[in-house]
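> The structure follows.
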Amino acid sequence: MSQRKGRVVGINGNLVTVEFDESVRQNEVAYVATGDVRLIAEVIRVRGRYADAQVFEDTSGIKVGDRVDFEDQLLSVELGPGLLAKVYDGLQNPLPEIAEQCGFFLPRGLYLEALPRDVKWTFTPTAEVGRPVRAGGRLGTVPEGIFEHWVMAPFDLEARHELVELAPAGDYTVADEIAVLQDGEGRRRSVTMMQRWPVKRPIRAYDERLGPSEQLVTKMRLIDTFFPVAKGGTYCIPGPFGAGKTVLQQLTSRHADADIVVIAACGERAGEVVETLREFPVLVDPRTGRSLMERTVIICNTSSMPVAAREASVYTAVTIAEYYRQMGLNVLLLADSTSRWAQALREVSGRLEEIPGEEAFPAYLESVIASFYERAGIVRLGDGDVGSVTIGGTVSPAGGDFEEPVTQSTLKVVGAFHGLSRARSDARRYPAIDPLESWSKYSSIVPADALARAKDVLAKGHEVQEMMKVVEEEGTSMADFVTYLKAEYVDAVYLQQDAFDPVDGATPAERQREVFGFISGVLDERMDFESKDEARGFFQRLTQTTRDWNRAEMESEEFARIRTRLDEMLAEVAGKEVVSRA
Ligand code: ADP
Ligand code: MG
């Protein structure tokens with residue numbers, strides 16, 4: 001086989017310019033041979049006889065004249081049983097020791113097989129020999145963790161094929177042939193449990209895309225009730241450094257109603273990714289009581305890895321998410337932080353000397369971000385099953401300024417916005433999602449009219465609070481003061497949630513409906529008090545009792561008892577006419 005070659009003629013950071021002899025394809029993989037290592041790169045621009053390739057590794061030592069080998073493939077990942085519980089780098093190198101040793105990264109130029117070749121999986125055939133097969137068609141299953149992992153016909157199958165051979169039940173490795181397909185011209189294709197797929201191309205082996213309708217319950221009240229996320233939907237969590245983006249994503253991966261969680265971790269600060277890797281294996285999956293890692297795949301990059309690897313990691317993660325969607329599962333992809341990825345785009349664009357857009361980000365930033373989030377979605381598969389990929393990305397704008405290009409480009413395409421506020425995190429009001437700035441296009445688990453009234457109280461309460469800074473409490477009418485206290489009450493007992501309390505930390509949808517129902521009753525109640533102190537005293541007691549309620553198991557007697565007590569407290573102040581004392 002004659003391999004296409006080239007020579008390095010220029011080096012600019014992670015970008016090498018290569019002069020080639022024959023032809024080169026956009027996005028194809030190339031290896032730069034330097035010293036005794038071969039470093040993986042991706043062709044990102046072809047001009048005449050020159051190709052620019054981004055190297056996914058440290059480029060030190062690369063010299064003009066070094067040989068470049070072009071591979072006839074796009075940057076791809078391996079898909080098959082064995083992905084769950086793995087920690088990979090952006091190029092899908094498994095980092096097995098990393099969870100224990102933390103800080104272990106592969107030596108430069110060493111690439112490992114993503115799926116173990118020696119593990120045997122117990123295959124049960126389900127398809128019928130002699131029947132037609134199409135891309136993504138189900139051939140059989142193997143157990144993987146708590147799931148039945150579907151072994152599927154290759155996603156790139158174009159013409160109609162017939163299943164001519166299928167392995168009998170038994171134990172096979174991902175490299176063993178388990179089926180043979182044949183097309184109309186009699187051409188045969190051997191199928192294993194593993195297939196490769198180019199990361200920048202969405203997997204589309206489904207019948208139709210559906211509109212997101214069902215909610216992805218996260219058990220976080222501020223999200224599910226106020227700013228919901230739909231299965232197959234998208235959302236964005238921008239927030240300044242330290243406002244709680246990473247903690248929020250961890251809570252979501254633990255409690256959200258998803259089968260599988262894929263995490264693309266691009267560290268914000270040094271050590272952050274290492275923390276994620278250390279923490280995840282010890283997080284308990286509330287569903288199984290076992291390690292959360294068993295239904296998680298982590299793709300990680302540390303800040304010490306070359307920026308190009310971050311770009312790869314985002315695509316690797318979404319491709320793995322799409323793969324499990326093809327099995328009819330609900331997958332949640334969390335990318336933390338997408339700003340790091342955007343910075344990588346900016347660096348590469350700068351080296352390519354492209355015409356810069358706003359803040360030196362490439363002009364195509366928006367379309368790159370949009371096409372990433374477009375890979376989310378809920379789909380109907382060939383056999384009628386439905387699967388989904390939900391994407392949540394954090395953004396870390398410098399100085400917490402949401403006007404910057406990455407936040408703005410993301411907000412144009414996502415379905416929900418959970419903006420974290422520095423003021424809230426400073427006040428330790430967690431989760432620090434700003435109830436006045438955030439929004440969602442998806443429908444809530446509570447009635448829309450009651451929700452609108454609650455949001456209205458929050459907005460008015462905030463206005464009163466601002467006004468009181470000027471006119472003080474004496475200058476505030478009783479009606480306004482009560483509105484302010486009501487807003488503080490909703491915040492204290494509903495928006496804020498104690499992540500460390502086993503009950504309060506995760507509120508199921510049914511419980512949110514009940515608690516929100518009571519709280520709506522409080523907000524709708526016209527109440528009057530003799531004095532502001534009396535009003536404050538009442539809301540203090542109500543807040544304390546509601547907090548106790550939040551910590552009681554829903555099935556317990558205590559839960560019912562506190563509910564009765566709350567109803568009584570509310571009845572005591574109910575029905576009084578509001579008297580303005582401004
Ligand atoms: P970011 O990723 O936005 O930089 P982190 O998620 O790392 O911020 O959060 C910073 C710190 O804030 C955490 O280490 C933790 O002490 C605190 N924190 C954030 N969210 C919560 C929460 N929901 N409950 C309690 N503490 C939190
Ligand atoms: Mg973080």
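> What is the residue count in the range 166-180 for residues that are touching a Leu at 6+ places or on another chain (Cβ under 7 Å) and over 19 Å from residue 79 (Cα atoms)?
Final tally of qualifying residues: 1.
> Next question, about the same structure. For residues that are part of a loop (DSSP other than H, G, I, E, B), within 30 Å of residue 205 (Cβ to Cβ) and among the aliphatic types (A, V, I, L, M), tally how many sit in the range 386-441.
Residues in the range 386-441 being part of a loop (DSSP other than H, G, I, E, B), within 30 Å of residue 205 (Cβ to Cβ) and among the aliphatic types (A, V, I, L, M): 1 in total.
> Quick one: which of 223, 203, 146 is under 25 Å from residue 296 (Cα atoms), under 25 Å from the mean Cα position of the chain (by Cα), surrounded by fewer than 19 Cβ atoms within 10 Å (Cβ to Cβ) and not charged (D, E, K, R)? Can you show your working first?
Numbers: 223 fails: surrounded by fewer than 19 Cβ atoms within 10 Å (Cβ to Cβ); 203 fails: surrounded by fewer than 19 Cβ atoms within 10 Å (Cβ to Cβ).
The unique qualifying residue is 146.
> Report whether or not residue 493 is exposed (fewer than 14 other Cβ atoms within 10 Å of the Cβ), among the aliphatic types (A, V, I, L, M) and assigned to a helix (DSSP H, G or I).
For residue 493, the condition - exposed (fewer than 14 other Cβ atoms within 10 Å of the Cβ), among the aliphatic types (A, V, I, L, M) and assigned to a helix (DSSP H, G or I) - is not met.
> Every residue in the range 225-251 that is assigned to a helix (DSSP H, G or I), in contact with a strand residue (DSSP E or B) (Cβ under 7 Å, 6 or more places away or on another chain) and more than 10 Å from ligand 1 (Cβ to nearest atom), please. Lay out the reasoning, then the answer.
Of all residues in the range 225-251, those assigned to a helix (DSSP H, G or I) come to 225-226, 245-251.
Applying the additional criterion that residues be in contact with a strand residue (DSSP E or B) (Cβ under 7 Å, 6 or more places away or on another chain) yields 245-246, 248-249.
Across the range 225-251, there are no qualifying residues.
> With a cut-off of at least 3 residues that are aliphatic (A, V, I, L, M) and within 39 Å of the chain's Cα centre (by Cα), name the helices (runs of 4 or more DSSP H) lying wholly within the range 496-578.
509-524, 557-573
> Go through 350, 384 for me and flag whichever is surrounded by fewer than 24 Cβ atoms within 10 Å (Cβ to Cβ), over 14 Å from the mean Cα position of the chain (by Cα) and at positive phi.
384
> Restricting the range 395-414 to residues that are closer than 26 Å to residue 231 by Cα and in contact with a Pro (Cβ under 7 Å, 6 or more places away or on another chain), which is modelled with the lowest pLDDT?
So, considering only residues that are closer than 26 Å to residue 231 by Cα and in contact with a Pro (Cβ under 7 Å, 6 or more places away or on another chain), the one modelled with the lowest pLDDT is 402.
> How about the range 228-243: which of its residues are aromatic (Phe, Trp, Tyr) and surrounded by fewer than 24 Cβ atoms within 10 Å (Cβ to Cβ)?
Matches in the range 228-243: 241 only.
> Out of 289, 328, which single residue is part of a loop (DSSP other than H, G, I, E, B), of a type outside the set (A, V, I, L, M) and modelled with pLDDT of 95 or more?
328
> May I pose another question? Only one of these conditions is not met by residue 220: (1) within 16 Å of ligand 1 (Cβ to nearest atom); (2) farther than 26 Å from residue 554 by Cα. Which number is it?
(2)
> Do we find that residue 159 is more than 22 Å from residue 88 (Cβ to Cβ), in contact (Cβ under 8 Å) with a residue 40 or more places away in the chain and among the small types (Gly, Ala, Ser) in this structure?
no
> On to the next question. Being among the hydroxyl-bearing types (Ser, Thr, Tyr) and either out of contact with any strand residue (DSSP E or B) (no Cβ under 9 Å at 6 or more places or on another chain) or assigned to a strand (DSSP E or B) (or both) is the filter here; which residues of the range 188-217 pass it?
Residues of the range 188-217 that are among the hydroxyl-bearing types (Ser, Thr, Tyr), as a first pass: 190, 192, 206, 213.
190, 192, listed by residue number.
> If you don't mind, another one. Look at the range 41-61 and say how many of its residues are closer than 14 Å to residue 309 by Cβ, polar (S, T, N, Q) and assigned to a loop (DSSP other than H, G, I, E, B).
1
> Let me ask you something else. For residue 272, only one of the following conditions fails: (1) farther than 26 Å from residue 400 by Cβ; (2) within 16 Å of ligand 1 (Cβ to nearest atom). What is its number?
Result: residue 272 passes all but (1).
> May I ask you to list the residues in the range 292-325 that are part of a helix (DSSP H, G or I), of a type in the set (A, V, I, L, M) and either under 16 Å from residue 392 (Cβ atoms) or modelled with pLDDT of 85 or more (or both)?
292, 293, 312, 314, 317, 318, 320, 321
Matching residues to (1) among the charged types (D, E, K, R); (2) within 21 Å of residue 434 (Cβ to Cβ):
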position: 489; (1), (2): no, yes
position: 495; (1), (2): no, yes
position: 500; (1), (2): no, no
position: 517; (1), (2): no, no
position: 540; (1), (2): no, no
position: 553; (1), (2): yes, no
position: 559; (1), (2): no, no
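> In the set 209, 254, 221, 189, which member is within 29 Å of residue 165 (Cα to Cα) and in contact (Cβ under 8 Å) with a residue 24 or more places away in the chain?
Among 209, 254, 221, 189, only 189 is within 29 Å of residue 165 (Cα to Cα) and in contact (Cβ under 8 Å) with a residue 24 or more places away in the chain.
> Only one of 64, 77, 68 is assigned to a loop (DSSP other than H, G, I, E, B), modelled with pLDDT of 95 or more and touching a strand residue (DSSP E or B) at 6+ places or on another chain (Cβ under 7 Å). Can you tell me which?
From the options 64, 77, 68, the qualifying one is 64.
The values are calculated or read from the model by the stated rules, or taken from the named source; none is laboratory data. Predicted model only: the values in this text are computed from it and were never measured. FYI the Cβ positions are ideal-geometry reconstructions off the backbone, even for glycines, and counts take in every protein chain you see.
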